[in-house]
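Please treat every number below as a calculation from the coordinates, not as lab data. Only a predicted model underlies this, so the values are computations on that prediction, with no experimental measurement involved. Because the Cβ atoms are built from the backbone with ideal geometry, glycine has one as well, and the counts that use them run over all protein chains shown.
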Amino acid sequence: MPVVTVQMWSGRTTEQKRRLVAAITQAMVDHAGAKPDHLHVIIQDVPKDSWGRNGRLGSENEPDPA
C-alpha cells in the first residue's frame, strides 16, 4: 500500500487538489508500478505562518497577494 504525502501551503481549490491527486496517482502507476486502488495520496495543507524557511515564516517570505 504506497502512500504519497504532499505538504503545501493552504489555498488550493478542491479542483486543483483533485487534479493533483489524479496526476500523482498516474505517475505512481506509470513509474512505480503502483495499483491505483491501493495508492493513498494525502494532502496536508499548512498555513504560511506554520511553515518556516531561511529563518522566517512563510507568511513573511511569501505574503498573500493583495
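Miscellaneous remarks
- Against the conditions (1) in contact with a strand residue (DSSP E or B) (Cβ under 8 Å, 6 or more places away or on another chain); (2) in contact (Cβ under 8 Å) with a residue 24 or more places away in the chain; (3) not charged (D, E, K, R), Val21 satisfies every one except (2).
- Restricting the range 41-59 to residues that are surrounded by 12 or more Cβ atoms within 10 Å (Cβ to Cβ) and part of a strand (DSSP E or B) leaves a set whose member that is farthest from the chain's Cα centre (by Cα) is Leu57.
- Residues (without any contact (Cβ under 8 Å) to a residue 12 or more places away in the chain and more than 22 Å from Met1 (Cα to Cα)) located in the range 24-58: Asp49, Ser50, Gly52, Arg53, Asn54, Gly55, Arg56, Leu57
- Within the range 1-40, being in contact with a helix residue (DSSP H, G or I) (Cβ under 8 Å, 6 or more places away or on another chain) and surrounded by fewer than 10 Cβ atoms within 10 Å (Cβ to Cβ) holds for one residue alone: Met1.
- Which listed residue is in contact with a Leu (Cβ under 6 Å, 6 or more places away or on another chain), not basic (Lys, Arg) and not in a loop (DSSP other than H, G, I, E, B), from Thr25, Thr5: Thr25
- Boolean, Ser59 is touching a Gly at 6+ places or on another chain (Cβ under 9 Å) and among the polar types (S, T, N, Q): no
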